[in-house]
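Data block below; observations after.
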Amino acid sequence: SGEKPLILSTWNHGIPANADAWAKLKEGGSILDAVEAGVRNTELDMDNLTVGLQGLPDREGITTLDASIMTGDGSCGSVAFVRQIKHPISLARAVMEKTPHVMLAGEGARQFAIAQGFPLEKEELSPKAKVAYEEWKKTSQYKPIINIENHDTIGMIGIDAGGKLAGSCTTSGLAYKMHGRVGDSPIIGAGLYVDDEVGAATATGLGETIIRVCGSFLIVELMRQGRTPQEACEEAVRRLVAKNKEGDGIQAGFLAINKYGEVGAYAIRPGFNYARATESGNVLIDAASYYS
Ligand code: SD4
């Protein structure tokens with residue numbers, strides 16, 4: 001069986017995110033504190049155009065963010081279609097801890113953020129996002145393209161030494177999406193699911209396809225029925241491919257851990273990688289995929 005504590009996160013920016021999560025655990029933080037701190041790193045990464053306010057905007061040129069957070073006792077919070085908030089993951093945590101609700105969206109989420117003392121950022125595109133958006137406007141074509149538009153959301157799942165689990169997921173979503181579009185990342189059970197009795201899963205890629213199969217919940221339930229994390233991720237990807245409505249060329253990937261600290265990762269196509277942090281190090285690993 002696997003090592004604990006363990007932190008897993010999507011893509012190569014998972015390495016610095018894991019490092020921050022690990023540091024938080026080592027200074028005595030909970031696994032919840034760790035997964036929040038980890039993805040806050042990515043929310044500030046100016047080179048990542050799929051997370052945070054520097055992310056690529058929707059068709060109208062407005063960057064809107066989705067995020068969710070969950071612990072293994074079933075506590076969860078999320079925000080969707082939120083503007084001007086630098087750390088949507090922390091806003092999702094505030095929804096979880098300070099409201100009777102699980103999910104706040106749009107203007108209501110922003111009002112709640114203001115009431116909680118979150119600073120409102122100026123609404124302007126980051127230099128890189130602005131260049132990309134101006135270029136996109138020349139044709140205004142919208143086709144989900146793997147590993148370009150869909151790339152780089154961070155999903156993080158972790159288990160502490162005592163077997164408590166938590167996860168986080170944060171994104172600016174699909175580039176040039178319709179205004180108001182919400183992806184899988186803030187949907188509990190789609191982009192993220194955590195249950196201390198079983199394990200945790202998170203997703204990245206084309207959200208529509210992940211929502212359709214309740215991807216992260218599906219993986220946790222498959223593990224509950226006895227599948228390994230790897231088997232569960234593979235079955236979820238098979239399900240997603242079978243139900244695909246978006247055509248060839250889409251990408252999605254899943255990460256999973258079970259309560260023993262065993263790991264699974266699988267994607268539709270090659271190119272998906274993830275960062276795995278344990279006492280023995282923080283390393284980037286290429287995931288296997290359905291298509292070669
Ligand atoms: C979404 N799943 O909004 C996100 C996008 C993503 O890496 O994962 N990008 O559909």
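Any read-out appearing in this document is the output of simple, stated calculations on the displayed coordinates, not a laboratory observation. Treat the numbers as computed from the prediction; the structure is a model and nothing was measured. FYI the Cβ positions are ideal-geometry reconstructions off the backbone, even for glycines, and counts take in every protein chain you see.
Quickly estimate the mean residue ellipticity at 222 nm for the chain, helices only: each DSSP H run with n ≥ 4 gives -39500 (n - 2.57), and the total goes over all residues, rounded to 500. Walk me through the numbers before you get to the answer.
On the way: 8 runs with 88 residues, N = 292.
Per the formula, -9000 deg cm²/dmol.
At ILE285 and ASP248, where each label point lies 7 Å from the Cα along Cα→Cβ, what is the point-to-point distance in nanometres?
With each label placed 7 Å out from Cα toward Cβ, I get 3.2 nm.
Are any of the pairs LYS24/LYS245; LYS138/LYS243; LYS98/LYS164 more than 30 Å apart by Cα-Cα distance, and if so, which? Can you show the working numbers first?
On the way: LYS24/LYS245 41 Å; LYS138/LYS243 33 Å; LYS98/LYS164 21 Å.
Checking Cα-Cα distances, LYS24/LYS245; LYS138/LYS243 exceed 30 Å.
What percent do you get for the relative contact order of region 53-106 when only Cα pairs under 8 Å and 6+ apart count? Working shown, then result.
Values: 98 pairs, mean separation 17.0, N = 54.
Contact order relative to length: 32 percent.
Expressed in nm to one decimal, what extension gain is obtained for the pair LEU44 and ASN12 from 0.36 nm per residue of sequence separation less their Cα-Cα distance?
That pair, LEU44 and ASN12, stretches by 10.0 nm at full extension.
Using R₀ = 41 Å, calculate the FRET efficiency as 1/(1 + (r/R₀)^6) where r is the Cβ-Cβ separation of ALA115 and GLU27; round to 0.05.
0.90
Find, among the GluC sites (Glu not before Pro) in region 42-107, those assigned to loop by DSSP (not H, G, I, E, B) with at most 13 other beta-carbon atoms within 10 angstrom.
Loop-located and lightly packed - GLU60.
What spacing in nm lies between the two simple spin-label points modelled at HIS101 and ARG238, each 7 Å away from Cα in the Cβ direction?
Distance between the two pseudo-spin positions: 4.0 nm.
Could you tell me which of rounded, prolate or oblate describes the chain, using a ≥ b ≥ c as the square roots of the eigenvalues of the alpha-carbon gyration tensor, with rounded for a/c under 1.5 and, failing that, prolate when a/b is larger than b/c and oblate otherwise?
Verdict is oblate for the chain.
Would you kindly state how much longer the chain becomes between GLU135 and ARG224 on full extension, computed as 0.36 nm times their sequence separation minus their alpha carbon distance, in nm to one decimal?
Contour length minus Cα-Cα distance gives 27.4 nm.
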